[in-house]
Amino acid sequence: MFAPLNKYRQAFLVGLQSNLVYRVNFAVRGFFSLFHLAAVVILWSAAFAGRSDLGGFTLNQTITYFVTLLILQFFISAFNEDYQISEDIRNGLINQFLLKPINYFAYRFSIFVAARLVTGMLVILPLLIALPVLAQYLAFPRDFTVLLLGLPAMAMSAMIQFSIAYCFGMLTFWFLEIQGFVILSMALETVLGGQMFPLDLLPAWAYSVAKCLPFYYQMYFPAAIFTGRLTDTAAIFQGYLIQACWVGVLLWINHLLWTRGLRRHTAVGG
């Protein structure tokens, strides 16, 4: 029954090996992310100067939120997936998948999971080194159920991240360069995904609009659960539902772009 899945297991293992080759690069990237974290601590310490809370949350809770974001970025962000898919299409490497019983989306997703496993584990090392300094700023919830509630959100966030990157990669069937689309998406994700500031600091109407967009569920939603910014169980399960809907919509768009794109594709070599 699981025999057809064996090829994706092999793709995962190949992806794991290829990413381990660049483990030093990922580790260095993780260490340099600490400079960004230091800037976050300095900036928000200045924002909290003279006040005990901001938007109902303390400085420690806010710093904990950004530390969680950093970890999530290495575990679920689609680093360069869109460009790799674009290169496969542009250089004709995708041709090898057209006549084989391999689903290209599942193949790329297997490699994505392998890469995120490597980068996610490697970011733990610099955080452990910085822990003696960071410990005074961390205020994670002590309730273990927070972890159980956050993991499904994290898994669907990873799927949303990859699906959006896959969509942009598919645009190569129509456009020679997708960099403009990717940069626009990154800008929207940075603001509406809560990477610049926690979204609960937005006005109520803007926060309600953000909750309807996929960017909210890319980073902010799982981070808010893990850090206790979102504690209402009903709201969390409602978020699951909206998140699952976005996963379904994006998967449908991925399939549509793939089938329409292949009509335009001219396979030469491969």
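The number of residues in region 250-270 being surrounded by 12 or more Cβ atoms within 10 Å (Cβ to Cβ), hydrophobic (A, V, I, L, M, F, W, C) and modelled with pLDDT of 90 or more comes to 6.
Taken over region 186-215, the residue count meeting the criterion of being surrounded by fewer than 18 Cβ atoms within 10 Å (Cβ to Cβ), in a helix (DSSP H, G or I) and not polar (S, T, N, Q) is 11. Arg51 falls short on exactly one of the conditions (1) over 18 Å from Val182 (Cβ atoms); (2) in a helix (DSSP H, G or I), and that condition is (2). Close Cβ contacts (under 6 Å, 6 or more residues apart or on different chains) running from residues in region 32-54 that are within 16 Å of Pro198 (Cα to Cα) to residues that are in a helix (DSSP H, G or I) and of a type in the set (S, T, N, Q) comprise Trp44/Thr62. Checking each residue in region 168-201 for being at pLDDT 90 or above and in contact with a Leu (Cβ under 6 Å, 6 or more places away or on another chain) picks out only Met170.
Counting only residues that are within 11 Å of Met219 (Cβ to Cβ) and of a type in the set (A, V, I, L, M, F, W, C), how many does region 197-207 have?
1
Taking each residue of region 89-110 that is over 19 Å from Ala155 (Cβ atoms) and looking for partners that are among the acidic types (Asp, Glu) with beta-carbon atoms closer than 9 Å, six or more apart or interchain, yields Leu93/Glu87; Ile94/Asp88; Phe97/Asp88; Tyr104/Asp88. Put simply, of Asn25, Asn19, Asn60 the only residue that is surrounded by fewer than 20 Cβ atoms within 10 Å (Cβ to Cβ), modelled with pLDDT of 80 or more and assigned to a helix (DSSP H, G or I) is Asn60. Across region 224-268, the number of residues qualifying as charged (D, E, K, R) and assigned to a loop (DSSP other than H, G, I, E, B) comes to 2. Every listed requirement among (1) outside any loop (DSSP other than H, G, I, E, B); (2) surrounded by 12 or more Cβ atoms within 10 Å (Cβ to Cβ) is met by Phe175 save one, (1).
Would you check if Ala235 is closer than 22 Å to Thr68 by Cα and exposed (fewer than 15 other Cβ atoms within 10 Å of the Cβ)? The answer is yes for Ala235. The sole residue among Ala130, Ala135, Ala114 that is among the small types (Gly, Ala, Ser), farther than 23 Å from Gly193 by Cα, in contact with a Leu (Cβ under 8 Å, 6 or more places away or on another chain) and surrounded by fewer than 18 Cβ atoms within 10 Å (Cβ to Cβ) is Ala130. On inspection, Ile183 fails the criterion of being touching a helix residue (DSSP H, G or I) at 6+ places or on another chain (Cβ under 8 Å), assigned to a helix (DSSP H, G or I) and not hydroxyl-bearing (Ser, Thr, Tyr). Out of all the residues in region 67-80, is one or more free of Cβ contacts under 8 Å to residues at least 24 places away in the same chain and either closer than 30 Å to Leu262 by Cβ or of a type in the set (A, V, I, L, M) (or both)? Checking region 67-80: at least one residue is free of Cβ contacts under 8 Å to residues at least 24 places away in the same chain and either closer than 30 Å to Leu262 by Cβ or of a type in the set (A, V, I, L, M) (or both).
The values are calculated or read from the model by the stated rules, or taken from the named source; none is laboratory data. For clarity, every value in this text was computed on a predicted model and none was experimentally measured. Neighbour counts run over all protein chains shown; Cβ positions are idealised from the backbone, glycine included.
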